[in-house]
Structure formats: C-alpha cells, structure tokens
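**Student:** I have a structure here, written as structure tokens, and I will follow up with some questions on it.
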Amino acid sequence: MADNSTLIAISAFSGLAGALLTQMISGLFAYFSERRKYNNGVRDLHRAKKIEIGENFYYITGEKMTIVKKNIGYWKNWNNSRSEASLDYLKKEMITFKAYIDKLNEENWKYNLISLYYNVSFTSSEVLEANEQSHLYYLSVLDLMDKIKKANGDETEVLYQQYAIAIFDMCAHYENVYEKMKEDMNIVKNQLLTDFGLTV
C-alpha cells in the first residue's frame, strides 16, 4: 500500500515537473523569439533610417556640388568681367547660389545627421570652418568689386590684379571643398552598396 502511494506520489511529481519544465522551455522559446523579433525590428529600423539619411545626403551634396562647380565657373570667368554690369551680375549670381544653399540646409535637417550613420571625412566642424572661410573670401571679393567701381586710372588696374588673386584664392578654396564633398559622396555610396551586399 505504501509502495503504491509512493509510486503515485512520484508519478504525480514527475508529471508536475514535466509540466513545469515544458512551461519553462516554452517560456524560454517565446522570450528568445520575441527578443529576436525585437532585435530584427531595431536592425531593420536602423537600416531604413541609414538608407534614408544616406540618400538625403547624396541628393543634397550633389546639389551643392553642382552649385559650387557653377560658382567656380562664374568666378573663373573674371577676365570677361571688367565692366560694372558683369561684376554686378556675378554678385547677383552669388546671392542666388547662397540663397539656394541656405534653402537646402533649412529644409533638409536630415543632412546634418550623416555622421551618426556614416564615417564621412568632411566633419561638421570642418564644414563650419569651410563656410566661414568661403564667407571671408566672398567679402574680400565684394570689397574689391566695390573699390573697382569707385577707382579710376592706374588704381583700377592694380585693383583688378588684386581682384584676380582674390578670385583665384576663392576658387581654389571652392575646389578643395568640392573634392571633400565628392569624397564623402563616395564614402556614403560605397557604404550603402556594402550594406546591400553589393560589390563596390
């Protein structure tokens, strides 16, 4: 009788242990499954955001590079700009370019997030420094343009020489900025291709 009740108790205990073990295993599987889904969701979200930021950067940088190239073209044409009218035209073009770049920057805040997702070489601090340098070159050119308008005789020729040097320096600066932007576009492009498993 005692053996029979012991057997029943052991059998009941085994059933309970089995049920508990089954529940624990099921719980672990559910936990790991949910954890995997969560991690996959986070990875997918990060990947989607990275692509979005990369595409935005690619578009904005391409637009800015086009503007910089046009800008260089206009200013390198300084030899044909010896009249007040042509100098005024160049000044207006610069104002138009600046307004467009400001609009691009204002409407595309995602552009500023690029360093969160990509190892770009042209850092935010370098961009600010380059913008400040661009501003100084442009003010120097405007100042010389103003002096040329007010000058006469031999003074005008000297000012045109100074103007030529200022334009050369400004264009060299813009070309350097252009190359850095081009390098960063390639970094973003190559990273996107790598993320998609495509060969670079």
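**Student:** Tell me which of these Gln133 doesn't satisfy, since it passes every other one: (1) at pLDDT 90 or above; (2) open to solvent by less than 60 Å² (accessible area, probe 1.4 Å).
**Tutor:** (2)
**Student:** Evaluate the following for Lys110: is it in contact (Cβ under 8 Å) with a residue 12 or more places away in the chain, among the charged types (D, E, K, R) and open to solvent by 50 Å² or more (accessible area, probe 1.4 Å)?
**Tutor:** In short, yes.
**Student:** Going through region 103-112 one residue at a time, which ones are farther than 16 Å from Lys189 by Cα and within 15 Å of the chain's Cα centre (by Cα)?
**Tutor:** Once the filter is applied, which keeps residues that are farther than 16 Å from Lys189 by Cα and within 15 Å of the chain's Cα centre (by Cα), region 103-112 yields Leu104, Asn105, Glu106, Glu107, Asn108, Trp109, Lys110, Asn112.
**Student:** Next up: Hey, among Glu175, Glu179, Glu183, which residue is without any contact (Cβ under 8 Å) to a residue 12 or more places away in the chain and assigned to a helix (DSSP H, G or I)?
**Tutor:** Glu179
**Student:** When residues of region 41-53 are filtered for being open to solvent by 60 Å² or more (accessible area, probe 1.4 Å) and hydrophobic (A, V, I, L, M, F, W, C), how many remain?
**Tutor:** Within region 41-53, residues that are open to solvent by 60 Å² or more (accessible area, probe 1.4 Å) and hydrophobic (A, V, I, L, M, F, W, C) number 2.
**Student:** Something else now. Is it true that some residue in region 79-102 is surrounded by 16 or more Cβ atoms within 10 Å (Cβ to Cβ), part of a helix (DSSP H, G or I) and either among the polar types (S, T, N, Q) or on the phi > 0 side of the Ramachandran plot (or both)?
**Tutor:** no
**Student:** Next question, about the same structure. Take the residues in region 113-122 that are open to solvent by less than 60 Å² (accessible area, probe 1.4 Å) and outside any helix (DSSP H, G or I); name whichever of them is farthest from Met181 (Cα to Cα).
**Tutor:** Tyr118
**Student:** Please go through region 123-138 and give me each residue that is part of a helix (DSSP H, G or I) and without any contact (Cβ under 8 Å) to a residue 24 or more places away in the chain, ordered by number.
**Tutor:** Of everything in region 123-138, those that are part of a helix (DSSP H, G or I) and without any contact (Cβ under 8 Å) to a residue 24 or more places away in the chain turn out to be Ser124, Ser125, Val127, Leu128, Glu129, Asn131, Glu132, His135, Leu136.
**Student:** Would you please list the contacts, defined by Cβ atoms under 8 Å and residues six or more apart or on different chains, that run from a residue in region 54-72 that is closer than 18 Å to Thr96 by Cβ and open to solvent by less than 70 Å² (accessible area, probe 1.4 Å) to a residue that is at pLDDT below 85 and not in a helix (DSSP H, G or I)?
**Tutor:** What qualifies is Ile60/Asn108.
**Student:** Further, regarding this structure: Being part of a helix (DSSP H, G or I), closer than 22 Å to Lys182 by Cβ, charged (D, E, K, R) and out of contact with any Asp or Glu (no Cβ under 8 Å at 6 or more places or on another chain) is the requirement here; does Glu106 meet it?
**Tutor:** The answer is no for Glu106.
**Student:** Another question about this same structure. Name the residues in region 142-189 that are open to solvent by 60 Å² or more (accessible area, probe 1.4 Å) and within 25 Å of Leu113 (Cα to Cα), would you?
**Tutor:** Glu175, Asn176, Glu179, Lys180, Lys182, Glu183, Asn186, Lys189
The values are calculated or read from the model by the stated rules, or taken from the named source; none is laboratory data. No experiment lies behind these values; they were computed from the predicted model shown. Neighbour counts are summed over all protein chains in view; Cβ atoms, including those assigned to glycine, are modelled from backbone coordinates with ideal geometry. Remember, those area values only see protein heavy atoms, side chains included, never the ligands or the DNA or RNA. Shrake-Rupley method; radii C 1.70, N 1.55, O 1.52, S 1.80 Å.
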